[in-house]
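First up is the structure itself, then whatever we jot down about it.
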């Protein structure tokens, strides 16, 4: 039967000693008091996200007393706390809640009428919030830490207090606040604490457990970028946990967590509270039948080894956890099917969590790029749809406690996952940018959800990667240009954020063996679809000659001048330019200059015409250009993207001029556009190249 629990998460080290979350979960077997505090962003309870101005936070503190702790009684129990900075109290009562966040008891804010009180402006030495806990609790005399009114919590026997968790007592207090600070401000949780005495003597010393004063950054709720690529700093096979043909991975975690237990899943070894496994199939019998029966509708016999494919025994705890495979190689909530022993399948890390909320992971990360945006993300799945239990620890066969995580950088919370529902694999993560000179951070993950029925996870595809800008180098590929023709090279820079402002063009004259700087500069990004955008131009342009023939050009962008020279901190366009200089010719030969011709053109209402255009073209573009007077002509050929691929300047003679644009044989097949400008008149035609 599913037991109650809380999550402790440890992430493995990164490749080359850089770490990022790869979750490992353990729990102490000692039956001692467990204590933790957390908050939930109720405004983003299901979707997750950052904390923004106006959001409502529920401040929680929980303490777990094992069965018959302190000979079944603890005395003068009370809870005290202050309102976090940059928030305002936004509640109509003070509460006790269950491990699922459901209301168990509530009290008014006024003093004297029940065991709880709220003071907006407490005197020195007192707190905003005070709740006396236990069956015999009465109204506080004031909001100091004195024991007056503190009640007795019964931890064993027939009169054991509620809410309960796995036969033990799990008390969770809560109140709500609204965020009043602005973007960039920091919220610091109050100095909450629970006090109690181990003897029924008001003068005895208190046992005090203090809340951690977590800090939260108020920030914009930016989405994860869609083009996060590049080096992934995560260890454990790049965050995928590897793959294999046996159900349990042949090697254990890189860094086992002290006091937690890593187990091999078998029909006789369940993954109980405070343990974890790394598997490619979550069925104890390695069943691949994902529609096996669940509690509380187990009707098929469990007889046999392995059991009938329909039997509840195919699932963890004889009818609870999902039968499933990992997520690697997919981008959907469905994930992959489980595999039979002997079949190659990807691994995932699966956790059965413990009781009290606490920090789950802490790791220093080095080798990052300054002023660079990174994505930290992972795929997570709630693996139990029927593990819930009520305040008496009676199973409800509902999902129960939903996992919920906060992510912090340098002890400043940046993001909360929200509740992880039972809808399948979910991608959770956020973006962060390093400082202008910052190359290292400390990243941590904290569990916000109390333990109890539910709170069982699978984790896969963990990533710390950069958000790549989109670079469109123009022209691209083989740039066919004519001798003494001006060559313009540019690139559009489109990025999710506006910090990739430094760029340079590089040139190679030895077929890409070495590269030198051809030009550099900084851009001014403006808002555009997909984020921000600017155009970078190679300055100055140049006239094509033999020295430029077969020169290659590439484009690099970074968030600082220093990062341009670091291949791990800069981004290069996926295409290069190869300049192909040709001895191009345009042949204009006058064929007829009579006044008959002038009258013919004038009658049509035009001074310039194109006739006898050979279309489609193969090796040359050939046509007749007719004009009523001598004058300069500019003849330009564009590709379908509007890029100039040929341009000529010549003198058109009055009358018929036969024009041949030669040496287009190497051009890509497709549609091109011909533009002829003579004496301020412009004609356009479509040309198809075979």
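Computed values, structure above
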| item | result |
| --- | --- |
| Cα-based equivalent ellipsoid, the range 320-441: semi-axes from gyration tensor eigenvalues, Å | 31, 21, 12 |
| Spacing of the two label points (7 Å from each Cα toward its C-beta) at residue 337 and residue 47, in nm | 3.5 |
| Inter-label distance, nm, simple model (7 Å from Cα along the C-beta direction), residue 572/residue 524 | 3.1 |
| Rg and Dmax [Cα atoms of the range 231-375; Å; Rg one decimal, Dmax integer] | 17.5, 62 |
| Where N is the number of residues in the range 400-521, Cα Rg divided by 2.2 N^0.38 Å | 1.71 |
| Gain on full stretching of the segment that runs from residue 509 to residue 210 - 0.36 nm per residue minus C-alpha separation | 100.9 nm |
| Peptides 391-398, 121-128 ordered by average Cβ neighbours within 10 Å, highest first | 391-398, 121-128 |
| Option label - Rg and Dmax of the Cα atoms in Å computed here, alternatives [x] 35.4, 124; [y] 24.5, 73; [z] 39.4, 119 | [x] |
| Rg over Rh [alpha-carbon atoms, Kirkwood Rh] for the range 51-220 | 0.99 |
| Alpha carbon convex hull of the range 42-130, volume per residue in cubic angstrom | 145 |
| Order of 413, 242, 326 under a 10 Å beta carbon neighbour criterion, fewest first | 242, 413, 326 |
| Per-pair calculated FRET efficiency, R0 = 60 Å: residue 221 and residue 201 via Cβ, rounded to 0.05 | 0.70 |
| Two-site label geometry, residue 439 and residue 237: point separation in nm, points 7 Å out along Cα→Cβ | 3.2 |
| On Cα atoms only, tilt of 595-604 relative to the major axis of the chain in degrees | 30 |
| Most to least packed among 561-568, 111-118 [average Cβ atoms within 10 Å] | 111-118, 561-568 |
| Kirkwood Rh and Cα Rg combined as Rg over Rh, evaluated for the range 503-550 | 1.11 |
| Whole-percent pair-distance distribution, where bins are 5 Å wide, for the alpha carbons of the range 470-581 | 2, 13, 22, 25, 17, 11, 7, 2, 0 |
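Any read-out appearing in this document is the output of simple, stated calculations on the displayed coordinates, not a laboratory observation. Worth saying up front: this structure is predicted, and the values here are computed from it rather than measured. All Cβ positions, even for glycine, are placed from backbone atoms using ideal geometry, and neighbour counts span all protein chains on display.
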